[in-house]
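S.K.: I'd like to ask you about the structure that follows.
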Amino acid sequence: MHEELLVTGRANALIDPSLHIWTWEVAMYLFLGGLTAGIMVFAAVMALLRKDDEAPFSSTQLALLAPIVLSVGMTTLFLDLEHKLYVFRFYTAFQIASPMSWGAWILILIYPVSILQILSTIRRGYPITNQIVDRWAIARWAVSWCEKHRRQIALVAIPSGVALGIYTGILLSAFSARPFWNSGVLGPLFLVSGLSTAAALVALISSKKSEKELFTRIDLVIILAEIALVALFLINLASGSAQQIEALGSITGGPYTMVFWVLFVGIGLIIPLLIEMLEMRGLMKSLAMVAPVLVLLGGYVLRQVMLDIGQESTWTNYPTQYSSELLERMEMTNR
Amino acid sequence: MTRFAMVIDTRTCIGCGDCVVACKTENKVPEGLNRDWVVEATSGTYPDLTTEFRSERCNHCSNPTCVTLCPTGASHLWNDTNIVLVDADKCTGCKACIAACPYDARLVMHPDGYIDKCTFCHHRVEKGLDPACVSSCPTKCMYFGSLDDPGSEVSKLLKTRKYKVLAPETGNEPNVYYLI
């Protein structure tokens with residue numbers, strides 16, 4: 001046997017008995033960041049494909065949601081900071097090896113691109129704003145300029161959205177100290193999940209039947225890609241280092257087994273996939289609203305479950321005085 | 001870059017915890033938090049058991065992932081050495097460095113919210129003194145010095161004794177050595 005015990009009683013906040021530094025605030029940000037990425041990409045793609053008539057919501061109205069959703073996400077992220085007054089420090093440095101630093105600067109890039117994207121379709125998507133736009137010469141000029149350069153703006157919005165979506169995954173995967181996150185698949189997985197949730201959002205909100213159907217079809221393909229990426233991620237961990245194999249244990253019989261397989265894979269991926277497949281065949285139309293809601297839920301669960309398991313996965317594991325396992329063992333010997 | 005190392009003789013350490021108390025006193029570490037700790041590792045099958053005591057802390061790695069992943073540069077190397085410090089004025093409390101440490105050696109300093117950690121007592125090292133934990137050890141099982149100087153006590157010990165570091169496979173190249 002080999003047993004390692006902390007004899008001086010370490011109980012460091014947020015570290016013992018296992019690392020738990022990030023909670024729902026960060027998971028919510030990762031989810032909303034991914035959703036924003038998807039919103040920008042789809043709004044841009046629809047603009048490039050000139051789908052104003054077949055898909056009016058996604059091509060002319062969707063873009064407005066990007067800065068709103070992202071701002072909510074950045075607010076929850078801000079709530080997580082422990083040294084809040086120093087938040088400006090993200091912008092007094094650029095650390096090339098830190099994905100979090102890249103992310104901070106990507107977020108700064110997203111807002112202007114997103115605003116240009118909104119202006120390029122605001123008159124068509126939200127006619128109510130025409131009066132306001134017409135009142136000022138500068139607003140008229142700005143909107144006309146964006147409308148004229150709609151294509152170019154879309155071409156910038158796509159890589160910006162992809163950068164936002166993929167960095168959230170790279171951010172976690174760069175932590176070599178957390179075996180569960182240490183997989184290159186995490187970046188693409190989070191990006192694809194972000195696209196999937198955005199497609200679901202369009203299918204949920206759009207009032208046009210053809211657009212709902214189009215995005216249900218798009219989502220179906222993306223969910224299949226996401227399932228493939230989840231499989232690759234699991235293969236990556238299962239064939240990885242001892243620490244990764246141990247970390248994988250938390251979803252193969254460990255404490256996160258149910259939430260990962262039932263809530264994320266089952267309810268968040270497989271069931272909406274099945275519903276969407278039936279919809280394509282003209283069946284189960286009454287469940288049309290359910291699939292996108294489940295996809296959105298699955299998107300959040302993915303971020304939360306990844307965040308939780310990753311933090312608990314570790315290189316150093318000491319039973320401390322707070323270890324439930326150790327207490328149980330002591331009780332057994334006392335009996 | 002000057003490489004400072006701590007060498008701890010597990011054969012003479014008795015696990016008294018004086019290093020922990022010395023650190024808390026010297027650095028005014030807030031109640032309930034610890035920058036160093038003692039681990040008792042027992043292996044074997046009764047009655048053939050061996051026990052090893054290890055005084056653990058930040059490893060002041062030569063390849064510190066906490067410095068690499070810090071988004072603001074708050075986590076930095078002190079004066080071109082391997083001593084990892086946190087600049088509280090640059091720290092946003094994002095906690096990335098806590099997640100980045102494979103040795104779980106970093107902590108949030110409450111209530112202010114910036115990150116705190118072992119500093120190898122750089123304020124003492126500057127004056128040519130040993131860190132508080134090393135200088136207070138009653139069994140004299142801890143040594144501190146520069147690995148660049150072949151004549152230093154730490155260099156000599158690592159040349160003549162069998163040693164290990166914690167989880168070298170992390171790739172962080174830790175600089176706290178344990179004589180075994």
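S.K.: At R0 = 35 Å, how high is the FRET efficiency between A:A142 and B:D112 if r is their beta carbon distance? Nearest 0.05 is fine.
M.R.: Working: r = 44 Å, r/R0 = 1.25.
The calculated FRET efficiency here is 0.20.
S.K.: May I ask you to sort B:H60, B:H122, A:H149, A:H83 by Cβ crowding, counting other Cβ atoms within 10 Å and putting the fewest first? Could the numbers behind the result be given before it?
M.R.: Values: B:H60 28, B:H122 18, A:H149 15, A:H83 22.
Arranged by neighbour count, lowest to highest, B:H60, B:H122, A:H149, A:H83 become A:H149, B:H122, A:H83, B:H60.
S.K.: What's the exposure ranking of B:C121, B:C133, going from fewest to most Cβ atoms within 10 Å? Please list the in-between numbers first.
M.R.: On the way: B:C121 23, B:C133 26.
Ranking B:C121, B:C133 by Cβ neighbours within 10 Å, fewest first, gives B:C121, B:C133.
S.K.: What distance in nm separates the simple spin-label points at B:L49 and B:M1, each placed 7 Å from Cα in the Cβ direction?
M.R.: Calculated label separation equals 4.1 nm.
S.K.: May I ask for the net charge around B:G15, where only other residues with Cβ less than 11 Å from the Cβ of B:G15 are counted and Lys, Arg are +1 while Asp, Glu are -1? Intermediate values should be presented prior to the final figure.
M.R.: Details: positive: B:R54; negative: B:D18, B:E40, B:E52.
Once positives and negatives cancel, what remains is -2.
S.K.: Which listed residue (B:G113, B:N175, B:L158) has the Cα farthest towards the positive end of the charge dipole for the stretch B:4-179, taking +1 on Lys and Arg C-beta and -1 on Asp and Glu C-beta about the Cα centre?
M.R.: About the Cα centre, the residue reaching furthest to the positive side is B:L158.
S.K.: Extending each Cα 7 Å along its Cβ direction at A:A231 and A:R151, get the distance between those two points in nm, one decimal.
M.R.: Here the modelled spin labels are 3.9 nm apart.
S.K.: Oh, and also: Only Lys, Arg, Asp and Glu count, each charged at its Cβ (+1, +1, -1, -1), so figure out the dipole size of the protein assembly as shown about its Cα centre, rounded to 20 debye. Show your work: numbers first, answer last.
M.R.: Numbers: 41 positive and 45 negative charges, 313 e Å.
Taking the Cα centre of the protein assembly as shown as origin, the dipole is about 1500 debye.
S.K.: Kindly point out which whole DSSP H helices in chain A project their C-alpha atoms 18 angstrom or further along the helix axis while averaging a Kyte-Doolittle hydropathy of 1.0 or above. Walk me through the numbers on the way to the answer.
M.R.: Values: long enough: A:24-48 (36 Å, 1.80); A:65-80 (23 Å, 1.68); A:99-119 (30 Å, 1.61); A:150-173 (34 Å, 1.17); A:186-205 (28 Å, 2.05); A:209-238 (43 Å, 1.30); A:290-312 (33 Å, 1.11).
What comes out of the filter, once short or polar helices are dropped, is A:24-48, A:65-80, A:99-119, A:150-173, A:186-205, A:209-238, A:290-312.
S.K.: May I pose another question? To make sure I understand, if each residue's beta carbon is the centre and we count other beta carbons within 10 Å, what order do B:L147, A:L186 fall in, fewest to most?
M.R.: On the way: B:L147 18, A:L186 24.
In order of increasing Cβ crowding within 10 Å: B:L147, A:L186.
S.K.: Oh, and also: Given a Förster distance of 56 angstrom, what is the FRET efficiency for B:D87 paired with A:S207, based on the Cβ-Cβ distance and rounded to 0.05? Show your work: numbers first, answer last.
M.R.: Details: r = 53 Å, r/R0 = 0.95.
Computed FRET efficiency for B:D87 and A:S207: 0.60.
S.K.: What per residue convex hull volume, in Å³, do the alpha-carbon atoms of the protein assembly as shown yield? Kindly include the intermediate steps, with their values, before the conclusion.
M.R.: Working: hull volume 89.5 nm³, N = 515.
Residue-normalised Cα hull volume stands at 174 Å³.
S.K.: What lysines does B:K24 reach when the alpha-carbon gap must be under 25 Å and sequence neighbours fewer than 8 apart in one chain are set aside?
M.R.: B:K90, B:K95, B:K117, B:K127, B:K140
S.K.: Count the lysine pairs in the stretch A:24-312 whose Cα atoms lie under 18 Å apart, taking only pairs 8 or more positions apart in sequence or on different chains. Numbers along the way, then the final one.
M.R.: On the way: A:K51/A:K148; A:K51/A:K208; A:K51/A:K209; A:K51/A:K212; A:K208/A:K285; A:K209/A:K285; A:K212/A:K285.
Qualifying lysine pairs in the stretch A:24-312: 7.
S.K.: Relative contact order for the stretch A:19-67 using alpha-carbon pairs under 8 Å, separation at least 6, rounded to a whole percent? Intermediate results must be reported in sequence, preceding the final value.
M.R.: Numbers: 28 pairs, mean separation 17.9, N = 49.
Relative contact order comes out at 36 percent.
S.K.: Here's something else I'd like to know. When you take every Cα atom in the stretch A:24-312, what is the radius of gyration, and what is Dmax, the widest Cα pair distance, in Å?
M.R.: Both quantities, over Cα of the stretch A:24-312: 19.8, 66 Å.
S.K.: At 37 °C and a viscosity of 0.692 mPa s, what translational diffusion coefficient does Stokes-Einstein give for the stretch B:47-162, taking Rh as the Kirkwood radius over Cα pairs? Give it in µm²/s as a whole number. Don't jump to the answer; show the numbers that get you there.
M.R.: Details: Rh = 16.0 Å.
The Stokes-Einstein estimate is 206 µm²/s.
S.K.: Expected output is a single nm value to one decimal: the length gained when fully extending between B:L77 and B:T42, i.e. 0.36 nm times separation in residues minus the C-alpha distance. What is it? Walk me through the intermediate numbers first.
M.R.: Values: separation 35, 0.36 × 35 = 12.60 nm, distance 3.48 nm.
This chain segment gains 9.1 nm when fully extended.
S.K.: With labels modelled as points extended 7 Å from the Cα through the Cβ direction, what inter-label distance (nm, one decimal) is found for A:L48 paired with A:D134?
M.R.: Placing both labels 7 Å beyond Cα along the Cβ direction yields 3.4 nm.
S.K.: Another question about this same structure. Helix B:18-27 versus the longest principal axis of chain B: what angle, 0 to 90°, nearest 10, using Cα atoms?
M.R.: Taking the Cα atoms of chain B, the angle to B:18-27 is about 20 degrees.
Taken together, the values in this text are just the output of simple stated rules run on the coordinates, not laboratory data. Everything numeric here is computed off the predicted structure, so don't read it as measured data. Here the Cβ is made from the backbone with ideal geometry for all residues, glycine too, and neighbour counts use every protein chain on show.
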